[in-house]
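Enquirer: Structure below; questions to follow.
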Amino acid sequence: MRLATHKQFDPSVYLEKRFFGEVFLHLTKRKARPNVKAEVQEHKRTIRKQLGAYKEATGITEFDMANPKQTAQFEAARIYTAYVDNIQTRFGHYLRPVVTALLKTRERKRDLEEAMKGRTTDEVKKKRIKTEFGNLGWS
């Protein structure tokens, strides 16, 4: 069962630093921590269900490490920051075609150019198109 297709899997619960830290800790040889919060216990259950498939897919094996909790916190912050930065950077690239399609800017721009063809100069056409469509940065 893949988490991405599981109907009850809510990614917003797991896309946080604490979860990434727990995943990292599960990849180290360490003693189990008693008395953890219910939220962490839920994370651990989810990780244990998928850990074998993750290790097999990535080829990672458990490793020894001094101070794994501190390293896990650092790595979790790095992973989370990379994830958020990636989403912020790429979101506009995915949103742009949707907005363009919804507003039908290309078709409207072409229709306006056809309507003005032969009646005005290129400078007037550019000014009218800029006025009509603003500075969207795409067309």
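The values are calculated or read from the model by the stated rules, or taken from the named source; none is laboratory data. Values in this document were obtained by computation on a predicted structure and should not be read as measured data. Note that we place each Cβ from the backbone using ideal geometry, even for glycine, and neighbour counts take in every protein chain shown. These area figures cover heavy atoms from the full protein model, side chains too; ligands, DNA and RNA do not enter into them. Shrake-Rupley method; radii C 1.70, N 1.55, O 1.52, S 1.80 Å.
Enquirer: At pLDDT 85 or above and over 23 Å from the mean Cα position of the chain (by Cα), is that true of residue 41?
Expert: Values: at pLDDT 85 or above: no; over 23 Å from the mean Cα position of the chain (by Cα): yes.
Judged against the criteria, residue 41 is not a match.
Enquirer: Same structure, new question: For segment 54-91, how many residues are at pLDDT 85 or above, over 27 Å from residue 36 (Cα atoms) and either of a type in the set (D, E, K, R) or not in a helix (DSSP H, G or I) (or both)?
Expert: Qualifying residue count, segment 54-91: 3.
Enquirer: For segment 46-67, name all the residues that are surrounded by 10 or more Cβ atoms within 10 Å (Cβ to Cβ) and under 25 Å from the mean Cα position of the chain (by Cα).
Expert: The answer is 46, 47, 48, 49, 50, 51, 53, 54, 55, 60.
Enquirer: Let me ask something else. Among (1) at pLDDT 85 or above; (2) of a type in the set (D, E, K, R); (3) open to solvent by less than 100 Å² (accessible area, probe 1.4 Å), which single condition is residue 17 missing?
Expert: (3)
Enquirer: Further question: Mind listing just one residue for me: the one in segment 75-117 that is closer than 12 Å to residue 129 by Cα and in contact with a helix residue (DSSP H, G or I) (Cβ under 9 Å, 6 or more places away or on another chain) and, of those, surrounded by the most Cβ atoms within 10 Å (Cβ to Cβ)?
Expert: Across segment 75-117, the extreme among qualifying residues is 105.
Enquirer: Here is a further query. Regarding residue 70, is this residue within 30 Å of residue 29 (Cα to Cα), out of contact with any strand residue (DSSP E or B) (no Cβ under 8 Å at 6 or more places or on another chain) and open to solvent by 80 Å² or more (accessible area, probe 1.4 Å)? Lay out the reasoning, then the answer.
Expert: Working: within 30 Å of residue 29 (Cα to Cα): yes; out of contact with any strand residue (DSSP E or B) (no Cβ under 8 Å at 6 or more places or on another chain): yes; open to solvent by 80 Å² or more (accessible area, probe 1.4 Å): yes.
Yes: the conditions hold for residue 70.
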